[in-house]
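No value in this document is a laboratory result; all are computed from the given coordinates. The structure displayed is predicted, hence computed values, not measured ones. Reconstructed Cβ throughout: ideal geometry from the backbone, glycine too, with neighbour counts over all protein chains shown.
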């Protein structure tokens, strides 16, 4: 609808909207995170939910203990290879629409412990990540900024058309295969449909 | 607390079995006692219960991997060469077989002294990898010996619950050993250096910036 017409109607006391606007407004202003912290970034996440940097004023009212009731998983901390299948299982148990924020260097790519024998080099090897927050640990303001970025992303998702989100497309998977414990490494070491090692072009 | 030599003498008087002092060359000079498998548990009980020592707190148990080492020694030897004896410099190789070791740090909460460091060595690194567990003496050693079993491979006898701690049960290697080869899972590194730079060079065709 034309913005000029809309503001004219607003002045007369008639407010118009679209289903898409209301739907996305509701979704983005009530994103409930899953209570899921792994390591040091979890402390920063807890600090963000406390009085000084309150996350609840953005709609993350409660951190749900059960994945069945959550729509956001903030992966905060180093994901070890031993823990990785459980993280993916929890992600699979969350109902659509669901989002993932990879908080901190360890969740993005393994972080300072990347060469460790038990460190998964980034949770985006197995589940799709919507927002990455760099930092070690990122400040609470950075987590708030990431939350707002996620809200903008949710707000901009159309309901119809090819850009519609994953939960509205019938053939997109909402559960991802859980890796098994192999003899030397996880099997498979990454999910090749959603992640590929970045290739570097070096000019010689 | 009395000196390590005095402790060693009292241990040898009280418990039959050999105890050896392993000197520490560094500035810390924390010399340790190497125990043998047969008498290790009784020596540990003596250290814990003796009224002058009362070492009741096992603060740390850690593992060490000593690789098989070959040392080349050059020495002058008189040899018969072409009918006459000559001084020849000969290179001899001394092979020291490697072993795994668990190191215990003991303190006394009651008498407020310590540390006394114990070392338990295995036979070698491949087939004789057992050592007696000191968990029946100090409960604090339980999880730490599990970690050593997981990361180094020392099988502790009489441990109440010996299974892997940090790695998953189906894992088949011991990550902290010197010869551990990690799975080839090289991912992009923005600023590689040292071993990671070697991995980067092996994976990418081109030299890139050093």
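Annotation: the residues A:108, A:46, A:74, A:101, sorted from fewest to most other C-beta atoms within 10 Å of their own C-beta, follow the order A:46, A:108, A:101, A:74.
Counting Cβ atoms of other protein chains within 10 Å of each Cβ in B:182-190 and taking the mean gives 6.
DSSP assigns beta bridges within the protein assembly as shown; of those with both partners inside it, close to 65 percent run antiparallel.
Sorting B:105, A:167 by the number of Cβ atoms found within 10 Å of their own Cβ, with the fewest placed first, yields A:167, B:105.
Kirkwood Rh over Cα pairs of the range B:1-84 into Stokes-Einstein at 25 °C, 0.890 mPa s: D in µm²/s?
Numbers: Rh = 16.4 Å.
Here the translational diffusion coefficient equals 150 µm²/s.
Per-residue ellipticity at 222 nm computed for chain A from its helices equals -8500 deg cm²/dmol, with DSSP H segments shorter than 4 residues left out and the rest contributing -39,500 (n - 2.57). Estimated from helices alone, the mean residue ellipticity of chain B at 222 nm is -6000 deg cm²/dmol (sum of -39500 (n - 2.57) over DSSP H runs with n ≥ 4, per residue). Rounded, prolate or oblate: which fits the range A:32-120, taking a ≥ b ≥ c as square roots of the Cα gyration tensor eigenvalues, rounded meaning a/c under 1.5, else prolate when a/b beats b/c? Oblate, since a/c reaches 1.5 and b/c is not below a/b. In terms of its Cα atoms, the range A:132-202 spans 44, 38, 32 Å along the principal axes, sorted from long to short. Treating each Cα of chain A as one equal point scatterer and applying the Debye formula with no solvent, the log10 of I(q)/I(0) at q = 0.08, 0.09, 0.10, 0.17 Å⁻¹ comes out as -0.32, -0.40, -0.49, -1.18.
Peptide B:164-171 has a mean of 5 when you count, residue by residue, the C-beta atoms of other protein chains within 10 Å of its C-beta. Within the protein assembly as shown, all pairs of alpha-carbon atoms sorted by distance into 10 Å bins from zero give the percentages 4, 15, 19, 18, 17, 12, 7, 4, 2, 1, 0, 0, 0. Peptide A:147-154 shows a mean partner chain C-beta count of 0 within 10 Å per residue C-beta. Between rounded, prolate and oblate, where does the range B:51-210 land on the alpha carbon gyration tensor, with a ≥ b ≥ c its root eigenvalues, rounded for a/c under 1.5, else prolate if a/b exceeds b/c? It comes out oblate by the Cα gyration axes.
Where does each of B:27, A:48 land when they are ranked from fewest to most other beta-carbon atoms within 10 angstrom?
In order of increasing Cβ crowding within 10 Å: B:27, A:48.
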